[in-house]
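Written out below as structure tokens is the structure these notes cover.
The values are calculated or read from the model by the stated rules, or taken from the named source; none is laboratory data. What you see is a predicted model, and the numbers here were worked out from it, not measured in a lab. Positions of Cβ are generated from backbone atoms using ideal geometry, with glycine treated the same way; all protein chains shown enter the neighbour counts. These accessible areas exclude ligands, DNA and RNA; they are computed on the full protein's heavy atoms, side chains included. Shrake-Rupley method; radii C 1.70, N 1.55, O 1.52, S 1.80 Å.
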Amino acid sequence: RLGLAAPPEAEEEESGLRAALGGVIALWRDWASLALLFVLAIDFVVTGALDILGVAYAEDVLALAEDGAGLLIGSLGVGGLIGAFAGASLSQGRRLARVVIGGAVLEGAAFALVPVWGLLAPAAVTLALTGFGGAATVVAGRTLLQRATDDRILARVFAVQESTALLGTAIGALLVPLLIDRVGTELAWVPLGVGFALAAVACTGLVLRLEKRAQYLPEELSLLRRVDFLAELPPYDLERLARNSRWVDLEAGTVVLRQGDLGRDFFIIATGEVGVTIDGRRKPGELGAGEFFGEIALLRRIPRTATITAETDVRVLVLRDNDFLAAVTGGVDGRAVMSEIASRYDDLAA
């Protein structure tokens, strides 16, 4: 039988202000990580500013009712949705610093251009570009933060990021009345947008430095994406799974799992083939590269439902139960996953 040594248990995750404070301490003098967090906060300053400025601009300049303000603010969300998909695609590569800074510059520049034409349609388009840039920045930035941060303190670092999000939203809302008072509703967009873009450019060197130390695992990520329900996860969740996974090489004839044993791991086959035996009966066919096993016992919290034996020399990527369950149940519709697992279980048992 296969003996898999479990890696050390990760430090228990904290929450709230205590976790955020721990994250600040952990990042003390880590200027590259702090610069990235600052750039990520820009997106939330934009959101906080738009909640106030969008309404004022729609009423005072465009002479629109509440529906017009809703359309302006909603345009940011539409662009953000598209930007999130683009960011997820771009985050599969190594060069994330360019996505982070480029998205933030686009966000700031588009925000500054909102009042140029003084019409609803162009304003909505530029706000959609603002949302696109901001969402791409956040997705790529969180992925880069994931790659560059020790997993033992990652929860605390993300707590800092969430705290800066709340702080950024509040700062954005506070800045708008001051700018409207100084330069008027129409021009208030310009210093905010230009300031956002320049702040992102100023952080470029530090974010590039963070990218250089980031851990990039293309082989692990590629294999994880071949599992259909894992492929739906956000890039930063996949990054965490990749970092916490481990490779195991097995010789032909090795019993990987034995029916009735306690399940602790999930397996994805990289090379080779394994056979499946249930209640002493060998199932026809083999599982090969890109296929997986071990999920039924983890998701249903039952003993192993089959014996898995290496038919050839096999290399598998192994995920611990805690990492696997946290990613799947936190990022995918649980009922859909359970339905798929139940179907897979019935096929094996047939």
For segment 16-146, the dipole about the Cα centre with charges only on Cβ (Lys and Arg +1, Asp and Glu -1), to the nearest 20 debye, works out at 840
Checking 109, 173, 63 against a Gaussian network model of the chain (alpha-carbon springs below 10 Å), the top fluctuating residue turns out to be 63
The answer for residue 271, listing residues at least 5 apart or on another chain whose modeled amide H is closer than 5 Å to its amide H, is 315
One finds, for residue 182 and residue 31 with R0 = 45 angstrom and r their Cβ-Cβ distance, a FRET efficiency to the nearest 0.05 of 0.90
When the charge dipole of segment 113-212 is computed with +1 at the Cβ of Lys and Arg and -1 at the Cβ of Asp and Glu, the Cα pointing farthest to the positive end, of 174, 135, 184, is that of 135
To the nearest 20 debye, segment 118-183 has a Cα-centred charge dipole, built from +1 on Lys and Arg Cβ and -1 on Asp and Glu Cβ, of 100
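Given Cβ point charges of +1 (Lys, Arg) and -1 (Asp, Glu) and nothing else, what value in debye, to the nearest 20, does the dipole of the chain about its Cα centre take? Don't jump to the answer; show the numbers that get you there.
Values: 31 positive and 42 negative charges, 175 e Å.
Dipole of the chain, to the nearest 20 debye: 840 debye.
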Sequence order, segment 234-239: Karplus ³J(HN,Hα) from phi using 6.51 cos²θ - 1.76 cosθ + 1.60, θ = phi - 60°, Hz rounded, Gly and Pro as x, gives x, x, 5, 6, 5, 4
In the chain, taking the dipole from +1 charges on Lys and Arg beta carbons and -1 charges on Asp and Glu beta carbons about the Cα centre, the listed residue (221, 42, 329) farthest towards the positive end is 221
Under a Gaussian network model of the chain whose springs join Cα atoms within less than 10 Å, the largest fluctuation of 43, 313, 279 belongs to 279
Of the candidates 298, 254, 119, the farthest towards the positive dipole end of the chain (Lys/Arg Cβ +1, Asp/Glu Cβ -1, centred on the Cα centre) is 254
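Can you work out the accessible area per residue across the chain, with the rest of the protein chains kept in place, probe 1.4 Å, in square angstrom? Don't skip to the answer; put the middle values down first.
Working: 16520 Å² over 350 residues.
So the chain comes to 47 Å² accessible per residue, rounded to a whole number.
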When the chain is treated as a Gaussian network with springs between alpha carbons less than 10 Å apart, the largest mean-square fluctuation among 139, 314, 157 is found at 314
Sequence order, segment 75-83: Karplus ³J(HN,Hα) from phi using 6.51 cos²θ - 1.76 cosθ + 1.60, θ = phi - 60°, Hz rounded, Gly and Pro as x, gives 4, 4, x, 4, x, x, 5, 5, x
In whole percents, the bins of 20 Å from zero upward hold the Cα-Cα pairs of the chain as 27, 45, 23, 5, 0
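Roll a 1.4 angstrom probe over the protein heavy atoms and tell me the percent of accessible area of the chain that is carbon or sulfur.
Working: 9650 of 16520 Å².
With neighbouring chains kept in place, the figure for the chain is 58 percent.
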Non-local residues with an amide H under 5 Å from the amide H of residue 257, with H modelled 1.01 Å from N and Pro and chain starts lacking one, are 308
FRET efficiency (residue 286, residue 162; Cβ distance; R0 51 Å; to 0.05) is 0.65
Distance in Å, no decimals, from the C-alpha centre of segment 152-209 to the one of segment 60-118 is 14
Relative contact order of the chain (C-alpha contacts under 8 Å, at least 6 apart) in percent is 20
Net charge (Lys, Arg +1; Asp, Glu -1) of residues whose beta-carbon lies under 14 Å from that of residue 313, residue 313 excluded, is -4
